[in-house]
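Encoded as structure tokens, the structure appears first; notes follow it.
The values are calculated or read from the model by the stated rules, or taken from the named source; none is laboratory data. None of the values given here were measured: they were computed from a predicted structure. Every residue, glycine among them, receives a Cβ derived from its backbone with ideal geometry; neighbour counts consider all protein chains shown. Remember, those area values only see protein heavy atoms, side chains included, never the ligands or the DNA or RNA. Shrake-Rupley method; radii C 1.70, N 1.55, O 1.52, S 1.80 Å.
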Amino acid sequence: MIIRTAEAADWPLIYPFFTAIVEAGDTYAFPENLTSEAARPWWMEQAPGRTVVAVDDERILGSAKMGPNRPGRGAHVATASFMVDSAARGRGVGRALGEHVLAWARAEGYHGMQFNAVVETNAPAVHLWQALGFQIIGTVPEAFDHRRDGLVGLHVMYQRFA
Ligand SMILES: CC(C)(COP(=O)(O)OP(=O)(O)OC[C@H]1O[C@@H](n2cnc3c(N)ncnc32)[C@H](O)[C@@H]1OP(=O)(O)O)[C@@H](O)C(=O)NCCC(=O)NCCS
């Protein structure tokens, strides 16, 4: 598996798992029922942000996007988002993307990384981000309308770079 910068030609291969993850309604508060064209700017970042893909034998297993969490005076803190195709989960793709994004943010000189909205019931994600050094700063109660569980909390997770 390699992780490389996403190209325009990758988007049609990302969109199917992007839309499946959003429609599942258990991890992301993105608009639903977006066409490929409408969804593209929600995932394909422009500089200074960046989108990458994890690729194995030409197959896209997952993707991550990263960049400043806030513009202007908040731009020294990074953020990132992750999506792994359900068929490729549990094999370390998410961890590899997380490590890649953290290495990128450190190399770019960010002071830390913040995740703004980690669904508290998303056990694999919460586990993985804690394993990669993130702490739960707090939880906004009932901020996410989970398709199965109803209103659940959103964690703000953060790690400061040494
Ligand atoms: C979260 C996500 C990116 C993880 O990707 P992945 O490729 O399956 O992740 P990995 O295989 O690298 O690691 C998964 C980790 O979660 C753990 N895990 C899996 N199921 C778990 C569960 N129910 N409870 C706790 N931990 C769990 C695994 O043991 C593994 O941890 P380890 O490396 O310490 O053993 C992927 O599930 C995904 O895309 N989900 C949908 C979108 C999403 O939730 N994105 C993140 C939003 S914050």
Query raised in the report: Quick one: which of Arg40, Arg70, Arg4 is open to solvent by 50 Å² or more (accessible area, probe 1.4 Å), away from the ligand (no atom under 14 Å from the Cβ) and assigned to a loop (DSSP other than H, G, I, E, B)?
Result: Arg70
Report task. Identify all residues within the range 86-130 that are open to solvent by less than 30 Å² (accessible area, probe 1.4 Å), near the ligand (Cβ under 10 Å from one of its atoms) and not in a helix (DSSP H, G or I); write none if there are none. Result -> Phe115, Val118, Val119
